[in-house]
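Below is one structure, written out as structure tokens, with a few remarks after it.
We did not get these values from a lab; they are worked out from the coordinates using the rules stated. This one's a predicted model, so the numbers in the text were calculated from it and none came from an experiment. Positions of Cβ are backbone-derived with ideal geometry, glycine not excepted, and every protein chain shown enters the neighbour counts.
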Number of protein chains: 2
Amino acid sequence: MKPVAVIGCGAIGQGWAILFAHRGIAVRLFDVSAAAAERAVERIAVSLSDLCGEHGFMGSDAVQARISVYGSMAEAVEGVFYVQECVPENVSLKTRTFVDIAALTDKEVILASSCSSILPDAFLEHPRFRERCIVAHPFSPPHLIPLVEIVTSSWTSEATVDAVRCLLTSIGQRPIVLRKPVPGYVVNRLQAAVIAESLALVREEVISPQDLDTCMKDGLGRRWAFMGPFQTMDLNSAGGFQEYVNKFYADGYRAICSDLKVHEPWSPRAIDAVEHWRREEVRDEKALALRRRWRDQMLLAIGQFLRDADDRSRTS
Amino acid sequence: MKPVAVIGCGAIGQGWAILFAHRGIAVRLFDVSAAAAERAVERIAVSLSDLCGEHGFMGSDAVQARISVYGSMAEAVEGVFYVQECVPENVSLKTRTFVDIAALTDKEVILASSCSSILPDAFLEHPRFRERCIVAHPFSPPHLIPLVEIVTSSWTSEATVDAVRCLLTSIGQRPIVLRKPVPGYVVNRLQAAVIAESLALVREEVISPQDLDTCMKDGLGRRWAFMGPFQTMDLNSAGGFQEYVNKFYADGYRAICSDLKVHEPWSPRAIDAVEHWRREEVRDEKALALRRRWRDQMLLAIGQFLRDADDRSRTS
């Protein structure tokens, strides 16, 4: 199998590299900063040594051996079948990067962006053979969260959508395709709604930041780890989704929805309160890095747990 | 230890009964419909037999033996130290029920409502010794989701809050206390924001109902099962929460938030689309009941998984 290239070596690029390499695909890394690329290789090594072992990740040496740094973009994309762009979220930088990558690659090479918020038409108009350009937006960290949002530009071909969906599925990801682009795509809109309302509730002194987080992790998040909001509603009324809506919308959710504060600006006072709580819990960058390793181990374990549960429910 | 009474024997009452009985507390059930109370006992037996065994639930016979049905409210609340009210969500019914229970119990008996949306002052003004009345709002199903929202009326005493918090913690729940009541309390406001935006995205044909659910379960829900939204943000930037806000608010979330559709009425067309998908997946009430058993087994397993992971991270 041909290699893939990952352009831009921050946390998202590192995650994509681990993901491809773990599935046996050689990864060619490039970053405009040679130092950033070298640092990425070191961080990938740390991530792999944290994650290998009991949870079914293959040996870290074999994965690491598939990842190489290249000194120029031309060398990095030489002979690849797929490029995952992971440069910072900036429209002119993404525009330029795509034109450059396209100039260096044949028309059958797929060029995917990790872009999380810029609409595809804003930066995918100018590359050569632009029908092979697409957005494949992962979540953080990409090698531990399966969801990928696929978003097309006005020029993206159906064949490109199919090829990306197929590739991502083959490496264990769960791609979904947006039928039309909207600001924030889908996932970050849902996340934005939750964050905005959460900050408003802290601002209004309805709840402490810590208790707000508890509401999610010991309440809603338990269900949402394995069922989306619609299936959750479907199972919360004997007759299913429509009955749930009939029971709870007019006399419940309608009034709640009209009272939500999601359109209000994030309050500096609420932000201070959250930051204060977080720094009490996790003091500084060093402690945050450790906590992030705990998060990644939890995500790996929960992923394994959900896969096993899925297998069990298929066989039972 | 004295028994507790559960007044109202629907799904929520059944869950509370299992929860208390599982922790060794005798439960006295009452429902105005004797048939409903008998049906509840049968359903509790089914739930217990589904849940006992490998996941650490104690033998179902021992739990079931602690649960008894009483023919009148007076008999049910005789000698209890705590009453959990679970009658339908109706302000005049809840008002009357609390006055009745209060008349039958001494002033040191705590009276808690499972109310999910009515503000406490609207139905807790008139009971005798109203300082011992409070809202303890569980999630569905109560015996498998630890979160409980405690909401006080203007008359609730601090001693009552402390006693309820202490009792719920001792039976393995995670109570949080709202500092002031708001429509929907906290959790259902967050859920309302997600549902409203999800339906708007389906209405706008941005995404299919199925893919929307995938966005939650294979994306956001993975993290939210063990971290709230604030800790998630804290770990998504090297410098923590404040840095995350600095990086992503002005150029990202602000625009997304102003575009959210959460205040718009739920669209009938979107509701139809979701219902159509759900009935393709799970055809009728019988299939829904089976699917609900799968949900409960998943919740039990994920609860066990999270407790084990928590123990591991404490000891490591």
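Shortest first, in nm, what separates the label point of B:ALA159 from those of the same position in the other copies (7 Å along Cα→Cβ)?
Copy-to-copy label distances for B:ALA159: 7.9 nm.
Could you size up the charge dipole of region A:175-316 around its Cα centre, putting +1 on the beta carbon of Lys and Arg and -1 on that of Asp and Glu, and report it in debye to the nearest 20?
Rounded to the nearest 20 debye, it is 560 debye.
Whose amide H sits under 5 Å from the amide H of B:GLU85, counting only residues 5 or more places off or on another chain, with H placed in the peptide plane?
The answer is B:ILE7, B:ALA112, B:SER113, B:SER114.
Can you pull the mean other chain C-beta count within 10 Å for peptide B:196-208?
Per residue, the average neighbour count from other chains is 5.
Along each principal axis of its Cα atoms, how long is region B:93-166 end to end? Whole angstroms, biggest number first, please.
Extents along the principal axes: 32, 26, 22 Å.
Provide the FRET efficiency to the nearest 0.05 for the A:SER92-A:ALA65 pair, computing r from the beta carbons and using R0 = 30 Å.
0.25
Across peptide A:287-295, what mean number of C-beta atoms from other chains lies inside 10 Å of a residue's C-beta?
4
For region A:254-293, compute the orientation-averaged projected area of the C-alpha convex hull (one quarter of its surface), in nm².
4.5
Under a no-solvent Debye model with one identical scatterer per Cα of region B:176-228, what's log10 I(q)/I(0) at q = 0.19, 0.22, 0.25 Å⁻¹?
Summing over Cα pairs of region B:176-228 leads to -0.77, -0.90, -1.00.
Using per-residue counts of other Cβ atoms within 10 Å, averaged over each peptide, order A:41-48, B:285-292 from highest down.
The densest-packed peptide leads the list: A:41-48, B:285-292.
Suppose only helical runs count, i.e. DSSP H with n ≥ 4. What mean residue ellipticity at 222 nm does that imply for chain B under -39500 (n - 2.57) per run, divided by all residues and rounded to the nearest 500 deg cm²/dmol?
Calculated mean residue ellipticity at 222 nm is -16000 deg cm²/dmol.
Using the Cα centre as the reference, give the magnitude of the dipole from point charges on the C-beta atoms of region B:242-293 (Lys, Arg: +1; Asp, Glu: -1; all else neutral), rounded to the nearest 20 debye.
320
Expressed as a rounded percentage, what relative contact order does region B:37-192 have, with Cα pairs under 8 Å and six or more residues apart?
Here the relative contact order equals 16 percent.
For region B:141-188, what is the Kirkwood estimate of the hydrodynamic radius, computed as the reciprocal of the mean inverse distance between distinct Cα atoms, to one decimal in Å?
One decimal place: 11.5 Å for the Kirkwood radius.
Could I get the Rg over Rh figure for region A:187-281? Both from C-alpha atoms, Rh via Kirkwood, rounded to two places.
Over the Cα atoms of region A:187-281, Rg/Rh equals 1.02.
So what is log10(I(q)/I(0)) for region B:125-166 at q = 0.22 1/Å, when the Debye sum runs over its Cα atoms only?
Values returned for q = 0.22 Å⁻¹ are -0.72.
Please compute, for the alpha-carbon atoms of region B:4-177, the extent along each of the three principal axes and give them in descending order in Å.
Sorted largest first, the three principal extents are 44, 32, 27 Å.
Assume the label is 7 Å from Cα along Cα to beta carbon: what separations in nm does A:ASP61 have to the matching positions in the other copies?
So the distances to the same position in the other copies read 5.6 nm.
Among A:SER267, B:ALA74, B:ILE302, pick out the residue whose Cα is farthest towards the positive end of the charge dipole of the protein assembly as shown, where Lys and Arg carry +1 and Asp and Glu carry -1 on C-beta, about the Cα centre.
Farthest towards the positive end: B:ILE302.
What is the log10 of I(q)/I(0) for chain A, computed with the Debye formula using one identical point scatterer on each Cα and no solvent, at q = 0.07, 0.11, 0.14, 0.16 Å⁻¹?
Taking Cα atoms of chain A as identical point scatterers yields -0.33, -0.82, -1.25, -1.44.
Which semi-axes, in whole Å and largest first, does the equivalent ellipsoid of region B:124-207 have when worked out from the alpha carbon gyration tensor as the square roots of 5 times its eigenvalues?
Square roots of five times the eigenvalues give 32, 16, 9 Å.
Enter the mean number of other protein chain beta carbons within 10 Å of the beta carbon of each residue in A:173-185, as an integer.
5
With 22 Å as the limit, write out which pairs from A:LYS247/B:LYS94; A:LYS286/B:LYS217; A:LYS94/B:LYS261; A:LYS217/B:LYS217; B:LYS180/B:LYS261; A:LYS261/B:LYS180 have Cα-Cα distances beyond it, or answer none.
Flagged as over cut-off: A:LYS286/B:LYS217; A:LYS94/B:LYS261; B:LYS180/B:LYS261.
Semi-axes of the equivalent ellipsoid for region A:239-316, please: Cα gyration tensor eigenvalues, times 5, square-rooted, ordered largest first, whole Å.
Working through the eigenvalues yields semi-axes of 34, 31, 7 Å.
Report for region B:4-177 the percent antiparallel among DSSP-assigned beta bridges with both residues inside it, nearest 5.
The antiparallel fraction comes to roughly 15 percent.
For the protein assembly as shown, compute Rg over Rh where Rg is the Cα radius of gyration and Rh is the Kirkwood radius from the inverse mean 1/r over Cα pairs.
1.00
Along Cα→Cβ, 7 Å out, is where each label goes; now give me the distance between the ones at B:GLU42 and A:GLU108 in nm to one decimal.
6.5
Quick one: which residues, 5 or more positions from A:LEU29 or on another chain, have an amide H under 5 Å from its amide H? H modelled 1.01 Å from N in the peptide plane, none for Pro or chain starts.
Amide H neighbours of A:LEU29, under 5 Å, 5+ apart: A:VAL6, A:SER68, A:VAL69, A:TYR70.
Would you mind calculating the gained length between B:LYS286 and B:ASP162 on full extension (0.36 nm times residue separation, minus the Cα-Cα distance), in nm to one decimal?
40.5 nm
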